[in-house]
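Please treat every number below as a calculation from the coordinates, not as lab data. Remember, it's a predicted structure, so these values are computed and weren't measured experimentally. Don't worry about glycine lacking a Cβ; one is built from the backbone with ideal geometry, like all the others, and counts go over all protein chains shown.
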Amino acid sequence: MNDYCRQSAASQQLANCSSCSLVSPIELEKCPRCQTQLHLRKPLNLQLTMAYLITALLLYIPANLWPMMVTEKLGQVEYNTIVGGIIVLWQEGSEPIAIVVFVASVLVPIIKFIILFMLCFSVYFSGLLCPVKRLKLYRLTELIGRWSMVDIFVVAILVALIQLDHLLNVQPGSGTIAFAGVVVLTMIAAKSFDPRVLWDDFDRKCDR
């Protein structure tokens, strides 16, 4: 993208070093302080973000279909998916834990998928959202991203606590690995996205 906002450093051919944050002319090619390659924008940031998102979305399917927890009680083995585990926790009277797992395992990933896809599409199709709304969505993504690993920790804590009872054995299932992959990939996708591109068409919107 070559049409930068008139008020941006990129429009003046100034690049912010991704390593030490020193602002330098782009013609230097490398940061004079740390020798990191200079870019006006992260190279292929939208393509990489979309690639990570699509991969995470594909992993999210087995993460919900494969068991998150494997419970063995008196010789009987029970496999619980994310939704199944939430239902069991609710029925067993652990409503607060069930709500936390539902929010962290279902709501947070879905909302993060929707927001990141919307941000990418809004840059490709500049008429979808104004830059201010894009920025609010991006900040929301950073906010909810802090809760991405909560359910993994809940499973780990439940496993550790229940192991104290020799009549019941609980182990994390294969769905835990898939969901951890979803969490990591969405975090990388959010990191790959360059929020500065949200403002690159600001002048065109203001001139309309």
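How much length would be gained if the chain were fully extended between Ile177 and Gln91, taking 0.36 nm per residue of separation minus their Cα-Cα distance, in nm to one decimal?
Net length gain for the segment: 28.4 nm.
Arranged from highest to lowest average of other beta-carbon atoms within 10 Å per residue, in what order do the peptides 68-77, 99-108, 10-19 appear?
In descending order of packing, they fall as 99-108, 10-19, 68-77.
How would you order 86-97, 179-190 from highest to lowest mean count of nearby Cβ atoms within 10 Å?
Working: 86-97: 14.2, 179-190: 20.6.
Put in order of decreasing packing, that is 179-190, 86-97.
For the residue pair Ala9 and Glu72, what label-to-label distance in nm results when each label sits 7 Å from Cα along the Cα-to-beta-carbon direction?
Modelled inter-label distance: 5.7 nm.
Could you tell me the calculated FRET efficiency between Ile114 and Leu44, based on Cβ-Cβ distance and R0 = 22 angstrom, to the nearest 0.05?
Between Ile114 and Leu44 the formula returns 0.45.
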